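What follows is a short report on a single structure.
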Amino acid sequence: METLSGRNAIDHWQLNRLRLMVQAILPANEFYRRKFSVQRFIDGLTLEGLKSLPFTTKNELVENQALYPPFGTDLTFPLERYIRTHQTSGTTGKPMYWLDTEESWNWWADCWQVIFEAAGVRAEDRIYFAFSFGPFIGFWAGWEGARKLGAMAVSGGGQSTSQRLKAIIDYGATVLVCTPTYALHLASEARKAGMDLAKESAIRIAIHAGEPGASIPSTRQRIEDSWGARCFDHPGATEVGAFAFECQSRSVHLNENEFLAEILDPNTGEGVGEGEQGELVITNLGRIGSPVIRYKTGDLVQPNYQPCPCGRPFLRLQGGVLGRVDDMVIVRGVNVFPSAIENILREIPEIEEFRVEIFEKEEMLEIKLLLEPRADEGTVIGLAKKASQRVRECIGFRPHVELVKPGTLPRFELKAKRFFKI
Ligand SMILES: [Zn+2]
């Protein structure tokens, strides 16, 4: 399918997969049996018809698990068929659990093989996972994908940052898999220890997920410069799967072999055109044991329907995942996304870490930047003014800026949190 061209071929393939999945999950899957009228769903299902079905939302899944603890009812098979469980950090404080069968875990690994191959990772590569291998799905599936590819996987679980740096050198790792934030943190610690990773490590490819950083131009540049490696973005989600990958032509593609995407205006629910932004709504086609159908990811994306120089016919997401639908704030009439602020701040080399606070003053939203300068920059004179001016030039308003001492802002391994509504 990756080489088959044409929208019709993709549609045909997706409809077949969708019908097969629906036949497999209904009526055994209690969650979707209750949600849809079974007969209407099975008889003559079309891609157009899919669009008339209700959405699945995260709140709905969380409530379902609260009602039917611990795993809820989005399960197609008896519990003994499931072999893996992971949890999300959840939005309400209570984690959401997600189960996989042997088949669906295998499907995850296949999706990750696509990610690796698109980035140019080969069987002879050694892939280092700077990840703690805890209950979050994170890079567990990538670990399995490396096995499919035939590459050597090296675990960074249970290691400190300095142990990880040493392991990357000692193992001669050629591929790094971690969050973009953590790639920058490793680079910063290496610099403090007098190491030049671009010269001393063999890392040639870095694959990043968990945050949109690898598609934010200045963050990507910073990672590529410090590691001397090519950086690739991978958007995915625990309850959905590894749905997108970046190709050599720097396009983030939706893996339309395994995922059916709609991009909808969050206000009207209508599909958006090229150049417009909308919420990504996904139906996964290969996770029979615990599927999601028309799932509102909360991710804001912009479709690009032009053919990609890489030759893949899959939908392109311009700039990757641009942000979360509910993260956008309006400051003095300007739509502001956290990723836009990150892009500006990462362009300023003297800034090591930052935090953005959004607060209300006299019924207007204001933004305050807390900036942590690099410890090795002898001077911070003018940094606050420079940051403030850059934001003003790029977005159109002047933020409040405060400098904090080096080392005071938190560092993250997974899911960096730098934006706070106060
Ligand atoms: Zn491409």
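The values are calculated or read from the model by the stated rules, or taken from the named source; none is laboratory data. Keep in mind it's a predicted model, so treat the numbers as computed, not measured. As a convention, Cβ positions derive from the backbone with ideal geometry for all residues, glycine included, and neighbour counts pool all protein chains shown. The accessibility values were calculated without ligands, DNA or RNA, using every heavy atom of the protein model including side chains. Shrake-Rupley method; radii C 1.70, N 1.55, O 1.52, S 1.80 Å.
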- Message: Please count how many residues of the range 247-288 are within 16 Å of the ligand (Cβ to nearest atom), open to solvent by 20 Å² or more (accessible area, probe 1.4 Å) and not in a loop (DSSP other than H, G, I, E, B).
- Response: 1
- Need at least 2 residues that are touching a Lys or Arg at 6+ places or on another chain (Cβ under 9 Å) and under 13 Å from ALA229 (Cα atoms) per element, so show me which helices (runs of 4 or more DSSP H) inside the range 113-210 make the cut, counting only ones lying wholly within it. 180-192
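Would you confirm whether or not the range 303-311 contains a residue that is out of contact with any His (no Cβ under 9 Å at 6 or more places or on another chain) and away from the ligand (no atom under 16 Å from the Cβ)?
Let us first name the residues in the range 303-311 that are out of contact with any His (no Cβ under 9 Å at 6 or more places or on another chain), namely 303-307, 309, 311.
Then drop every residue that is not away from the ligand (no atom under 16 Å from the Cβ), which leaves none.
No: zero hits.
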- Residue pairs meeting the criteria (Cβ under 6 Å; at least 6 apart or on separate chains; first over 21 Å from MET364 (Cα atoms), in the range 400-422; second open to solvent by 70 Å² or more (accessible area, probe 1.4 Å)): PRO406/ALA375
- Please verify whether the range 316-326 includes one or more residues that are over 30 Å from TYR128 (Cα atoms) and either in contact with a Leu (Cβ under 6 Å, 6 or more places away or on another chain) or away from the ligand (no atom under 16 Å from the Cβ) (or both). yes
- Message: Restricting to the range 216-267, name every residue that is of a type in the set (Phe, Trp, Tyr) and under 17 Å from the mean Cα position of the chain (by Cα).
- Response: PHE232, PHE243, PHE245, PHE259
- Failed condition for ALA384, given (1) open to solvent by less than 50 Å² (accessible area, probe 1.4 Å); (2) touching a Pro at 6+ places or on another chain (Cβ under 7 Å), with all others met? (2)
- Query: Given the residues THR219, THR297, which is the only one that is more than 16 Å from the ligand (Cβ to nearest atom), crowded, with 21+ Cβ neighbours inside 10 Å and in a strand (DSSP E or B)?
  - Reply: THR297
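Between GLU366, GLU413, GLU372, which is open to solvent by less than 30 Å² (accessible area, probe 1.4 Å), away from the ligand (no atom under 16 Å from the Cβ) and under 28 Å from GLY194 (Cα atoms)? So that I can check it myself, show each step before the final result.
On the way: GLU366 fails: under 28 Å from GLY194 (Cα atoms); GLU413 fails: open to solvent by less than 30 Å² (accessible area, probe 1.4 Å).
Step by step, each of GLU366, GLU413, GLU372 is checked, and only GLU372 is open to solvent by less than 30 Å² (accessible area, probe 1.4 Å), away from the ligand (no atom under 16 Å from the Cβ) and under 28 Å from GLY194 (Cα atoms).
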- Looking only at the range 300-335, which residues are surrounded by fewer than 21 Cβ atoms within 10 Å (Cβ to Cβ), among the β-branched types (Val, Ile, Thr) and out of contact with any Phe, Trp or Tyr (no Cβ under 7 Å at 6 or more places or on another chain)? VAL325, VAL329, ILE330
- Item | strands (runs of 3 or more DSSP E) within the range 325-403 that include 3 or more residues acidic (Asp, Glu) | 351-361
